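Novice: Below is the structure I would like to discuss, written out as structure tokens.
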Amino acid sequence: MTTKSKPAALPPDTVIGGYRVIRRLASGGFGVVYLAVDGQGQEVAIKEYLPAALVTREPGQLVPQVAPEKLPLYRLGLKSFFEEGRALTQISHPSVVSVLNFFREHETVYMVMNYLQGASLQEYVVLGRSLKRPKILRESTIRSLFDEVLRGLRIVHQHKMLHLDIKPANIFITDDDRAVMIDFGAAREVLNQQGNFVRPMYTPGFAAPEMYRRSGAMGPWTDIYAIGACIYVCMTGQAPPDVPKRQEKDTLPTALARLRGNYSDNLLELVQWAMELEPLSRPQSVFALHKALSQDSNRRYTQLTMAERVRLQLGALIGQSPSASLAVPSSVAGPPVKTP
């Protein structure tokens, strides 16, 4: 049985929409991102709509080949990708990737963005994990980082958009220490909802329960689940258990309880709140989550007793949650976190 090869990226020096491709930066199941230069020699990043499940393209070809039976779904994703590009050009915020231009060519769509230099949050987490410290990132760093991200996400939601693919690989830390959300996933989600793919195009651990259901109502609470999952990764170095595992046996409270003493109760409670399996039990707006995150002046720390440590270890072995549940944060607002 032969596995289907990924569609080939555009070769270097290909000119599209007046931009010259330098090299491929990244590729996934949904598209390819290139480093390119414009007519003035300015570097940009260009994302090409190229869903691997729907198209083929041989090396050296420019136009993706789509089988007739896949054409309606391909066009549906194309329309969503185009609309997403148009909407992102209306958003100007330092924590949201800047879309400079978008255009149709070679029977697909290209989105031109600022070329960011730095590293993804995922790379920082991997580095932190390799140091084998009890904290992957310090709490003050996590709060400062997500203060920026949530400010940007509020603007996105105000424009009636959702990100739908928030994960550490899609939060970029620039060389001048800005946190920027990249790689929005609305078009991918349209294909995911409409297509009968063997492997759905979402990221386990970060996808909220409603993303697993075709009829699931998605909203700000869907992105909020993913934010909680990202904070979890910044504390543990590992992706949280995915939704099917949690629905079978929810080990998230146990995992968070083990972090008591290393991180404040407030932050642990916030993650539990953001990652509730029931959408209505989560914060319903980014404003509500941001308000809770901003309560930095009154951090509470509860150290685990020896008896609790033993109970947690036993609970992990037999699959029980700890007796002490994590509460929802109070709604009293504190002073906003100052971003360095």
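The values are calculated or read from the model by the stated rules, or taken from the named source; none is laboratory data. Since the model is a prediction, treat every value here as computed from it, not as a measurement. Quick reminder, even Gly has a Cβ in these numbers, built from the backbone with ideal geometry, and neighbours come from all protein chains shown.
Novice: Do you know which residues across region 72-128 are closer than 14 Å to K47 by Cα and among the basic types (K, R)?
Specialist: Passing the criteria: R86, R104.
Novice: Here is a further query. Do the conditions hold for Q90, that is, is it at pLDDT 95 or above and either surrounded by fewer than 21 Cβ atoms within 10 Å (Cβ to Cβ) or under 30 Å from I173 (Cα atoms) (or both)?
Specialist: Details: at pLDDT 95 or above: no; either surrounded by fewer than 21 Cβ atoms within 10 Å (Cβ to Cβ) or under 30 Å from I173 (Cα atoms) (or both): yes.
Spelling it out, it is not the case that Q90 is at pLDDT 95 or above and either surrounded by fewer than 21 Cβ atoms within 10 Å (Cβ to Cβ) or under 30 Å from I173 (Cα atoms) (or both).
Novice: For residues in region 1-56 being among the hydroxyl-bearing types (S, T, Y) and farther than 28 Å from Y202 by Cβ, which is surrounded by the most Cβ atoms within 10 Å (Cβ to Cβ)? Give the steps one after another, and end with the answer.
Specialist: Here is the first cut: in region 1-56, the residues among the hydroxyl-bearing types (S, T, Y) are 2-3, 5, 14, 19, 27, 34, 49, 56.
Narrowing the set further to residues that are farther than 28 Å from Y202 by Cβ leaves 14, 19.
Values: T14: 16, Y19: 20.
Per the stated criteria, the residue is Y19.
Novice: Hey, any hits in region 176-183 for a residue that's over 18 Å from the mean Cα position of the chain (by Cα) and within 19 Å of E139 (Cα to Cα)?
Specialist: Here is the first cut: in region 176-183, the ones over 18 Å from the mean Cα position of the chain (by Cα) are 176-177.
After this cut, where a residue has to be within 19 Å of E139 (Cα to Cα) as well, the list is 177.
Yes; the residues of region 176-183 include at least one that is over 18 Å from the mean Cα position of the chain (by Cα) and within 19 Å of E139 (Cα to Cα).
Novice: Do we find that S140 is of a type in the set (S, T, Y) and in a helix (DSSP H, G or I) in this structure? Explain how you work it out, then say what you get.
Specialist: Values: of a type in the set (S, T, Y): yes; in a helix (DSSP H, G or I): yes.
So S140 fits the description; yes.
Novice: For region 22-45, give me the residue count where each residue is closer than 14 Å to M113 by Cβ and over 26 Å from the mean Cα position of the chain (by Cα). Lay out the reasoning, then the answer.
Specialist: Narrowing region 22-45 to residues closer than 14 Å to M113 by Cβ: 25-26, 31-38, 42-45.
Those still in the list that are over 26 Å from the mean Cα position of the chain (by Cα) too: 37-38, 42.
Total meeting the criteria: 3.
Novice: Kindly evaluate F172 against the criterion of being under 14 Å from the mean Cα position of the chain (by Cα), part of a helix (DSSP H, G or I) and among the aromatic types (F, W, Y). Walk me through it before giving the result.
Specialist: On the way: under 14 Å from the mean Cα position of the chain (by Cα): yes; part of a helix (DSSP H, G or I): no; among the aromatic types (F, W, Y): yes.
Answer is no for this residue.
Novice: Please give the number of the condition A119 fails out of (1) without any contact (Cβ under 8 Å) to a residue 60 or more places away in the chain; (2) more than 30 Å from Y232 (Cα to Cα).
Specialist: Every listed condition holds for A119 apart from (2).
Novice: Given the structure, is V180 at pLDDT 95 or above, outside the structural domain of E84 (by TED's automatic domain parsing) and either on the phi < 0 side of the Ramachandran plot or out of contact with any Pro (no Cβ under 9 Å at 6 or more places or on another chain) (or both)?
Specialist: Numbers: at pLDDT 95 or above: yes; outside the structural domain of E84 (by TED's automatic domain parsing): yes; either on the phi < 0 side of the Ramachandran plot or out of contact with any Pro (no Cβ under 9 Å at 6 or more places or on another chain) (or both): yes.
For V180, the condition - at pLDDT 95 or above, outside the structural domain of E84 (by TED's automatic domain parsing) and either on the phi < 0 side of the Ramachandran plot or out of contact with any Pro (no Cβ under 9 Å at 6 or more places or on another chain) (or both) - is met.
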